Every structure is written in C-alpha cells, then in structure tokens.
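Engineer: This is the structure I have questions about; it appears just below.
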Amino acid sequence: MESYLKSLPTDMKTLLAACCMGAAIMPLMSTMMNLALVDIGEQFSVGSKDLAMVSTIFLLGSVAAMVPLARISDIIGRRKIFIMGLVITIISAVIAAFSPHFYILLLMRFIMGAGSAAVGVTSVAILTEVFPFERRGWAIGIQTACIYVGSAVGPAFGGFICDLLGWREIFFIIMPFAAVSLVLILRFKQEFITCAGACMDYKGAVLFSAMIMITMCGMVGLPEIWRGEMELQNLWAPALIAIGMVLLYFFLRSMKVTKSPVLDTSVFKYKVFSRACLAAYLNYASSFAVSFFMALYLQKIGVLSPMQAGMVIMIQPLIQVVLTAKFGSKSDRIKDKRILPTLGMAITGIGVAMIMFLGTEVNFLYVGLILAVLGVGYGVFAAPNTSAVMSSVPPKNRGAASGMIALVRQLGMMTSMAVAMCTISIIMGTADNLNPSTFDSFVTVLHVAFGVCLVMCIVGTIVSWFRGNNPEGISEYK
C-alpha cells in the first residue's frame, strides 16, 4: 500500500487526502455531542426528550439532503457540491458554538448534517471517477477507514473537550478537518459533471426530503406508544409514519413520470447495485446499536467509568480501521466480488449472535471478543461492498449510487436505534431505571433486540451472496 501511495500523482494524493479529511467530519459531529448532552441540558434547561433531538436532528438533516444533493452534484459538479458542503459545515459550526438558544442549536445541527451529507455523497463518487478500477477498492477503503477513525475517537475526544473547555468548544474541533479538506480540494482542479444542462427535479427533492423527515420523526416517537402512553396526543408517531408512506407513494410515482428525476429509480435494475445497497442497510441496521447497548451494559452492570467503558468499546472501531483499507485493497484483486462482503456480513452475524449469550455476570474478556469479531466483520464488509456498489452502475449513475450508499448507511443507523428503543420500551419501559433490580430485564432486552438483529444479518448474508449480475450482462463498470 505504501509503495502504491508513493507512486500516485500529486493531484490524486491531494484528492484522496481531501476526501479522507472530509469523511471524518460526519462521524465526529455525530458522536462527539453525545458526551455534551448533560451540559447542554443544564445550560438551556431542557429535558432528556429534547436532548435526544441534538443527535437525531443531525442524522435527519444528513439523510434528508443526501439524494437531492447527489442529483445536484451530477448537474453542476461534484467538486462544487463537496466545497459547498465544507463551507456550510464550517459556518453552521461557528453559529452553533455561539447559540444563544436551544432551538438555534438544533437548527444549526440540522444544517450541519446537510453540509456533511454534501461531502459524504460526493467523495465516494469522485474517488470512483479518479482512481482506476484495479485500485478503486483500495481508495474507498482508505476513505472508509477515516470514517471509522472519526467514529472511534469521537466519543472520547468529545468527552475530553467538554470536561476541559465546555460543550461549545466541541464545534471548533471539526474546523481544522473542514479547513484542510477545503484547501486540498481547491487545489484539485478537475470537475465531474455527468448531467450537464439537466433540470433539477425540485418537486421530487421536496417530496423525498419531506418523506424522510416525517417518517424518521415518526420512528423516533414510537417508543412512547410501547410504553402504554396511548393518549391522543401520543398517536402522532404512527400518524407521521402513515403520512410518510403516502409521501413515499407519491415520490415513487413522480420518479416514473419526471424526465430528469431527483433519483433515477432505473438504477435499481442493476441487481448488484440494489442487493449490495440492501446488504449495506441490513449491516448497519443490525449492528449500529451495539455501542449504545454496550455503553449501558459496561457502565451499569460492569460498573465501569465512562472513560473505561469507552476504552473497551474502542476495540471494535480500531479493528475496523486496521482492516478496512486492507480488505478494500484485497477486493481489487479478487475476481468474485461477492466473497468479501458476504464473509464480512456472516462474521458480523456471529458477533451479533454472541451478544445474545451475555448475562448479568460480566465477562470482560468475552465482551472484548464480541467487539473484536464485530470489528473484523465490519472491516471485511464495508469497503468491498461499497466498491461493488460503485462499480455496478455506469458512470452517469455514480452520483446517485454514492448518495444511496450514504443514505442506506444513515437509514440503517436510525433503524437500529429504533429497534433498540422499542425493545427497551416494550420490556423495561425506559432505560432510566437501569439498576440491580432491572438488570435481568435489561439482559432480556439485549437478547430480544439482537435476536431481531441476527435475523437481519442472516438475510443480509443471503442477499449479499445472491446479488446476481446486471441485466445487460456487465457485472462491473470500470
């Protein structure tokens, strides 16, 4: 890898560095704030339900913006949208750091999510265009590893800054990443426009964003129903989901009749693309909640401090970082592109199944083994699957493909947390009462939640292996 990196032209090194720095922004901003929620609540006098929106609204902003931004990047240029995303992220971070009111903070978090989405949906597409087919998996693996680095250091770094300086200073942490990425991408002069002169489908963009936000807000509110709070004012969650499904119908209908749709649904005719995307969604949906549950399990039942629990949980992302680039490069040399993603999904399933054997007596060696297995599974799966997605569609569809990769990742994360919260609500009512008298119930929650996740892993493994070939007989686009 090192020898190949040295042999790269300067402009390709510059681009790779820009994409890697930009890729770290989204996981950093998604995870660092979790350690600042208590301080934010005290300063603005808000409760736990409102504080949950600090993290959720960032995901909402990123998911709602991904598909429209991917389409705009096809029309006006992916490099321009990449730059725009960095500028928006920097400006919104500065305003958030000086927020005088809680709702201004939420608005900036939403805008910040959209800005980071602009970077996320364009970076993979740009790397796919620039790097040759035989090194595409390697480049995507490096970029994906940077995402995992952000996820790994975010919680610990956020907690350290919050304790040392305060929660507002957390927003300044991402500015060096964004600034360096901006300088580097400005030095890279090549632009990527695949649909020059096409019209933007604003109706489809609005329908998509509204559908995503309304449906996800409904999913977030479902736990209140499971707690038995069936009063009329709490029925808004299923109502929002129903409205979201109606909007989905009109969105799909609009895509069929619009000449230049915001999302070209014909891209799903490529079996490799659609099934690899489904496998990615199931991978995140089945495993994203692991860190959430492990944080509670290790601190409450294992009686570890937050820092100690964080050090244990870091086993997983650290292994991901080490293996992602390696297996991204290995996927370039393997003819059958199904092998590594399917193997990674199967290993992830083993790790998820191991969680179902946890009990109220904490075995830290076993917990470490679980996290190590999951880290290996993610490391083997991520980059080869992403490379397969990007290589399964023609160049004109790579903007949409890049946006779909980011979209299924975020949707999988939200689905995983929805499974977690609904399971807690059904069995325990709330995790706020987690104490020795409820440890047995919490362990039951783990078994049930990850039983559901194991089913998703099994389905994902099957889908990944039987991804088939594209209809015209071309399985890979170089």
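The values are calculated or read from the model by the stated rules, or taken from the named source; none is laboratory data. All figures in this text were calculated on a predicted structure; none of them were measured in a lab. When we count neighbours, we look across all protein chains shown, and the Cβ atoms used for this are built from the backbone with ideal geometry, even at glycine. The protein model used for the area step is the full one, side chains on, heavy atoms only, and it has no ligands, DNA or RNA in it. Shrake-Rupley method; radii C 1.70, N 1.55, O 1.52, S 1.80 Å.
Engineer: Please identify the chymotrypsin sites (Phe, Trp or Tyr not before Pro) of the stretch 76-105 that satisfy two criteria: DSSP loop assignment and at most 12 other Cβ atoms within 10 Å. Which are they?
Structural biologist: F98
Engineer: According to the Kirkwood expression over distinct Cα-Cα pairs, how big is the hydrodynamic radius of the stretch 331-376, in Å?
Structural biologist: 11.9
Engineer: Using the Cα centre of the chain as origin and beta-carbon charges of +1 (Lys, Arg) and -1 (Asp, Glu), tell me which of C457, F273, A353 is placed farthest towards the positive end of the dipole.
Structural biologist: Going by the charge dipole, the pick is F273.
Engineer: Sort 373-384, 416-427 by the packing proxy (mean of other Cβ within 10 Å over each peptide's residues), most packed first.
Structural biologist: Working: 373-384: 27.5, 416-427: 20.8.
Taking the mean over residues of other Cβ atoms within 10 Å, the ranking is 373-384, 416-427.
Engineer: Calculate one ³J(HN,Hα) per residue across the stretch 264-273 by plugging θ = phi - 60° into the Karplus curve 6.51 cos²θ - 1.76 cosθ + 1.60, and present them in order as whole Hz with x for glycine and proline.
Structural biologist: Result, ordered by residue: 6, 5, 5, 4, 6, 5, 7, 4, 4, 4 Hz.
Engineer: Additional query: With n ≥ 4 as the cut-off for DSSP H runs, can you work out [θ] at 222 nm for the chain, using -39500 (n - 2.57) per run divided by the number of residues, rounded to the nearest 500? Show your work: numbers first, answer last.
Structural biologist: Details: 19 runs with 363 residues, N = 478.
Rounded to the nearest 500, the figure is -26000 deg cm²/dmol.
Engineer: May I ask you to order 162-168, 390-396, 313-319 by the average number of other C-beta atoms within 10 Å around their residues, highest value first?
Structural biologist: Values: 162-168: 15.6, 390-396: 20.0, 313-319: 21.9.
Peptide ranking by packing, descending: 313-319, 390-396, 162-168.
Engineer: Rounded to the nearest 10 degrees, what's the angle between the helix 170-187 long axis and the longest principal axis of the chain, both from Cα atoms, 0 to 90?
Structural biologist: 10
Engineer: Turning to a different aspect of this structure: For a test of the definition: using alpha carbon positions, the gyration tensor, and the 1.5 limit on a/c, classify the stretch 52-103 as rounded, prolate or oblate.
Structural biologist: Working: a/c = 4.08, a/b = 1.68, b/c = 2.43.
It is oblate, given that a/c is not under 1.5 and a/b is not larger than b/c.
Engineer: OK, next. For the stretch 338-400, what relative contact order do you get, as a whole percent, if you take Cα pairs closer than 8 Å and at least 6 residues apart?
Structural biologist: Numbers: 46 pairs, mean separation 30.8, N = 63.
Relative contact order comes out at 49 percent.
Engineer: Going by the alpha-carbon gyration tensor, a ≥ b ≥ c the square roots of its eigenvalues, is the chain rounded (a/c under 1.5) or, if a/c is not under 1.5, prolate (a/b greater than b/c) versus oblate? Please list the in-between numbers first.
Structural biologist: Numbers: a/c = 1.36, a/b = 1.28, b/c = 1.06.
Here the chain falls in the rounded category.
Engineer: Hey, another quick one. Among 198-206, 107-115, 127-135, how do they line up by average Cβ neighbours within 10 Å per residue, starting with the highest? All intermediate terms of the calculation are to be shown ahead of the outcome.
Structural biologist: Working: 198-206: 15.9, 107-115: 23.8, 127-135: 17.6.
Descending packing order for the listed peptides: 107-115, 127-135, 198-206.
Engineer: Of the cross-linked pairs K80/K269; K80/K335; K13/K337; K203/K337, which ones have a Cα-Cα span greater than 31 Å in the structure shown?
Structural biologist: On the way: K80/K269 29 Å; K80/K335 35 Å; K13/K337 26 Å; K203/K337 37 Å.
Violating the 31 Å Cα-Cα cut-off are K80/K335; K203/K337.
Engineer: Restricting the calculation to Cα positions, tell me the Rg (one decimal) and the Dmax (whole number) of the stretch 14-166 in Å.
Structural biologist: Rg, Dmax (Cα atoms, Å): 16.3, 55.
Engineer: Ok, one more. Carbon and sulfur: what percent of the chain's accessible surface (1.4 Å probe)? Could the numbers behind the result be given before it?
Structural biologist: Details: 13510 of 19420 Å².
In the chain, the share of accessible area belonging to carbon and sulfur is 70 percent.
Engineer: Divide the volume of the convex hull of the Cα atoms of the stretch 317-449 by its number of residues and quote the answer in cubic angstrom per residue.
Structural biologist: Working: hull volume 15.9 nm³, N = 133.
Looking at the stretch 317-449, the number lands at 120 Å³ per residue.
Engineer: Would you mind working out the magnitude of the charge dipole of the chain relative to its Cα centre, with +1 at each Lys and Arg C-beta and -1 at each Asp and Glu C-beta, to the nearest 20 Debye?
Structural biologist: 1820
Engineer: A further question on this structure: What is the log10 of I(q)/I(0) for the stretch 163-297, computed with the Debye formula using one identical point scatterer on each Cα and no solvent, at q = 0.20 Å⁻¹?
Structural biologist: -1.18
Engineer: Taking 10 °C and 1.306 mPa s as the conditions, I'd like the Stokes-Einstein D for the stretch 244-382 in µm²/s, using the Kirkwood hydrodynamic radius from alpha carbon pairs. Mind showing how you got there, number by number?
Structural biologist: Values: Rh = 17.4 Å.
It diffuses with D of about 91 µm²/s by this estimate.
Engineer: Starting from the Cα gyration tensor of the stretch 303-361, take the square roots of the eigenvalues, sort them a ≥ b ≥ c, and report rounded, prolate or oblate (rounded when a/c is under 1.5, otherwise prolate if a/b is larger than b/c, else oblate). Walk me through the intermediate numbers first.
Structural biologist: Working: a/c = 6.97, a/b = 1.81, b/c = 3.86.
Verdict is oblate for the stretch 303-361.
Engineer: Let me ask something else about it. Which whole-number value in Å² is the accessible area per residue of the chain, probe 1.4 Å?
Structural biologist: Values: 19420 Å² over 478 residues.
Computed with neighbouring chains in place, this is 41 Å² per residue.
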